[in-house]
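Below: one structure, written as structure tokens.
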Amino acid sequence: MIIGVYVLHQQRVNSELNNVNNQYFLKSIYKQKDLGLDLVSISPLAKAVKDEYPALVKNYYRYNPVTNVVSAGDKHFKEDIAIGDTTLVTMYGFPLLYGDKNRAFINNNSAVITESFAMKLFDTKNAIGKTLSIQTTVAAVTDDYTVSAVLKDIPYNSVTNLIDDKYSVYIPTTGSRFFAGNDPSLSWDNTNQVSFIELNPGVNAQSLVPLLNGLLKKNSSDFVWKNLSAGIVPVKDYYLNDHDSAVKKMIFILSLIAMFILLMVVINFVNITIGCSGYRLKEIGLRKTFGSARKQLILQFIIESLILTSIAAIISIALYQISLPVFSQVLNTSLLSFWQFGFTEYSLLFLLVVSIGALAGIYPAFVLSSANLIYAVKGKISGSKGGLTLKRALLVVQFSLAVLVFICTLNLSKQVSYIFNKDLGYNKDQLLVVTAFPKQWDSAGVLKMETEKQSLLQLPHVKSASLVFDLPESIPFGRIVLFPPKSSRANDQLNLPIAIADEDYAKTFGIQMKAGSFFSSNKSGIVLNEMAVKQLGLETENTVGQKIETGAAGAPLTITGVMKDFNFSSLQDKIGPIGYAHVSSNNTYRYLVVKLNTTDIANSIQDIKTKWKSFAPNAPFDYTFMDEKFASLYKSELQLQTAANIATVLNVIIVLLGIIGIVAFMLNKRNKEIAVRKVLGANAGNIIGLFLKEYAGLIIIANIIAWPLAYMFTEKLLQSFAYRIAQNILPYLAAFIFISLIAFTLIAVQCFKTAIANPVKSLRSE
């Protein structure tokens, strides 16, 4: 049920958007890899294509994603803000609690906020007419807005969540003073705008691509249109297809797991029903003696199976409700409560119960109803019935699946452990990451932050600190073009990701310098990692002091230092080239990273908070730790590990139930044989050994099947990591030993009672 609800939820993402079949977002396709982000486009492009081709394009929406402090009175919160067009509500049909859906933004000083943020900021959902203030990146400039509409909390979608932020405030781009200079949505050289368009019905989306590229060539600079082209992507299934169809793959895997679990449960029900059927066979024999037709017996067994399945469904609903918070966290989504189910969910649940009940009951019904009357009266299944070979084959399948899942889980756990213990090239321990508010992006703002940094360094538990724009959690957004000095080809260039940090960055993060220094003397140059030096065709020991030509106008850059290669993004990516510019070179920053040296983390944070509040009383103290940010990079792997652990436990339980069913069946069939063996001198150990020997062969066959499959699945999983473990035999042996031990223990316990029974009673019943 949990998997089913999750799959339905994932498939419904974006389904509530207005005219979702005609909604698209514009992406940038760069001529060279890593030249820029593909999720954003040239700022005026969406508006221009609507203005130029109104017969094709019905509407457009663009926004610039930012984060800053939003205040009302003495309340100050860090919030994700979308500075965009005023078409948000009319284009997508997001429901409003308060306000006019046809005119959500009354003027350029209007703000639309979510109901959750309205409660947080104003203690009421009806915030119409109330004023909020937004800090900007310009010194002494704060924009005031009047709330003109309150949105119902927006469910996850590929418009407002395209870049994974959760926006609570929407303001018009026209008239915004958030950035210094002109409105960035007007510049044909600005590539940082998230852009969407809605096509008129019947318009072929791909027919718009040459028109978009024509507008780019007509309006943007030569460098822009020669290095990127426009693409158009449907919003409807973008969530499913994003990241190489990661969500589709997850849905497929989980659906497969659910199908196998249900299949194994049905197999167990069949085996246990037939294996423990001695008490029912006498009833069947008597019913046949008194004239019951076979079809009546078949109907009886199927109805009983349906009743049992219905009872199981009721219990499952209770367990579903109890475990809802846990699995919502594991799957990183909000699963519907049973009471929130719609017609689709209730219909599919009913169909599932009926299907499972019928499938589970039909085979036992036909087997038991066809039992020979003489055997049935004795409580025995006839020798020709029961499908022993089929049952053994099904048990091998169950063993194989258990071993397969067990091995994959062990290998996944090893990979996750490897990730969190690998030397990343920097030290993430006790790194407190404080969001640097206020964001005053000029030289005075940088100076204020440096002053606060020096103040924090006076605390005894603060070892060092660094003002940065980028953290080692992803490839930096900024780019700079460098030309290798020894290259003879004019088109040779390195599109280098460029990060922003101050001179204490390497010291704070514990990054080793291979040559030169990290801006200790020259703050106008550039620091490169070893990979960048290599790709420029230089030698580390001779690099410092060299000048490198760039694609920008002005004097060449001087290389002031070379840092040892380190993982600045996920371990799924190989270490690539990266450069660092000093924070004073462009006066932008986002975080103040503080290196602690203490065992009393809580009091240290409180002391830093007190200092911070004295420095910025109108800004929230928002912080996290670098190791938490690092862990968030592998949220899906950690969730998969948890899901795999749960699946392993379920598989083992199901296999144990399967063993109970088939051993009970075998003991029923071989009761006379066991009695004869005992009469001839066999003891309990001989009897138990006889069964263990038989099932040892099944376990060996299951491992022979499971090991190659587990190896292939593990290799497929590990292929997504540039840095991964090497497989060895230990997880395979561990799975074999563990499954064998629990299987042999259960078989021995089941056989013991029969093995010590009086053989006279068994022979008398025959």
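The values are calculated or read from the model by the stated rules, or taken from the named source; none is laboratory data. In this text, all values refer to a predicted model and were calculated from it rather than measured experimentally. For neighbour counting, all protein chains shown are included, and Cβ atoms are generated from backbone atoms with ideal geometry for every residue, glycine included. Remember, those area values only see protein heavy atoms, side chains included, never the ligands or the DNA or RNA. Shrake-Rupley method; radii C 1.70, N 1.55, O 1.52, S 1.80 Å.
Here are the numbers for the structure shown:
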read-out	value
Residue check, residue 598 within 29 Å of the chain's Cα centre (by Cα), open to solvent by less than 50 Å² (accessible area, probe 1.4 Å) and in contact (Cβ under 8 Å) with a residue 40 or more places away in the chain	no
Close pairs (7 angstrom Cβ cut-off, 6 or more residues apart or separate chains): within 20 Å of residue 442 (Cα to Cα) in the range 112-140, part of a strand (DSSP E or B) and open to solvent by 60 Å² or more (accessible area, probe 1.4 Å) anywhere	134/142; 135/142; 136/142
Residues that are open to solvent by less than 50 Å² (accessible area, probe 1.4 Å), in a helix (DSSP H, G or I) and modelled with pLDDT under 85, drawn from the range 329-342	330
Residues that are among the polar types (S, T, N, Q) and part of a loop (DSSP other than H, G, I, E, B), drawn from the range 505-536	512, 517, 520, 521, 522, 524
Given (1) under 19 Å from residue 642 (Cα atoms); (2) in contact (Cβ under 8 Å) with a residue 12 or more places away in the chain; (3) open to solvent by 50 Å² or more (accessible area, probe 1.4 Å); (4) not basic (Lys, Arg), index of the condition residue 325 fails	(2)
Contacts under 7 angstrom Cβ, first residue in the range 577-592 being within 17 Å of residue 524 (Cα to Cα) and assigned to a strand (DSSP E or B), partner of a type outside the set (D, E, K, R) and open to solvent by 20 Å² or more (accessible area, probe 1.4 Å), 6 or more apart	579/480; 579/498; 581/498
Extreme residue, nearest to residue 570 (Cα to Cα), among residues of the range 682-741 that are of a type in the set (D, E, K, R) and open to solvent by 70 Å² or more (accessible area, probe 1.4 Å)	724
Filter result (touching a Leu at 6+ places or on another chain (Cβ under 6 Å) and among the hydroxyl-bearing types (Ser, Thr, Tyr)) within the range 137-169	145
Condition broken by residue 569, with the remaining ones in (1) out of contact with any Leu (no Cβ under 9 Å at 6 or more places or on another chain); (2) among the small types (Gly, Ala, Ser); (3) surrounded by 14 or more Cβ atoms within 10 Å (Cβ to Cβ) satisfied	(1)
Residue in the range 474-483 that is assigned to a loop (DSSP other than H, G, I, E, B) and of a type in the set (Ser, Thr, Tyr) present	yes
Any hit, the range 180-190, residues being hydroxyl-bearing (Ser, Thr, Tyr), out of contact with any helix residue (DSSP H, G or I) (no Cβ under 9 Å at 6 or more places or on another chain) and open to solvent by 30 Å² or more (accessible area, probe 1.4 Å)	yes
Selection count where residues are outside any strand (DSSP E or B) and either surrounded by 15 or more Cβ atoms within 10 Å (Cβ to Cβ) or without any contact (Cβ under 8 Å) to a residue 40 or more places away in the chain (or both), scope the range 141-164	12
Segments classed as helices (runs of 4 or more DSSP H), wholly inside the range 597-702, with at least 1 members that are among the aromatic types (Phe, Trp, Tyr)	601-615, 626-632, 635-669
Every residue from the range 22-39 that is of a type outside the set (Gly, Ala, Ser), within 27 Å of residue 492 (Cβ to Cβ) and crowded, with 21+ Cβ neighbours inside 10 Å	none
Any hit, the range 285-303, residues being surrounded by 15 or more Cβ atoms within 10 Å (Cβ to Cβ), closer than 27 Å to residue 9 by Cα and either in contact (Cβ under 8 Å) with a residue 24 or more places away in the chain or among the acidic types (Asp, Glu) (or both)	no
Cross-chain or 6+ apart pairs with Cβ under 6 Å, the range 211-234 first and more than 17 Å from residue 51 (Cα to Cα), then assigned to a strand (DSSP E or B) and open to solvent by 20 Å² or more (accessible area, probe 1.4 Å)	228/30; 229/29; 231/27; 231/29; 232/24; 233/27; 234/24
Subset of the range 4-21 (residues that are crowded, with 19+ Cβ neighbours inside 10 Å and out of contact with any Lys or Arg (no Cβ under 7 Å at 6 or more places or on another chain))	5, 6, 13, 17
Candidates 667, 650 - the one that is at pLDDT 75 or above and not charged (D, E, K, R)	650
The range 109-130 - residue that is more than 31 Å from the chain's Cα centre (by Cα) and either among the aromatic types (Phe, Trp, Tyr) or under 12 Å from residue 75 (Cβ atoms) (or both) and, of those, most open to solvent (accessible area, probe 1.4 Å)	123
Filter result (surrounded by fewer than 18 Cβ atoms within 10 Å (Cβ to Cβ) and modelled with pLDDT under 95) within the range 56-71	67
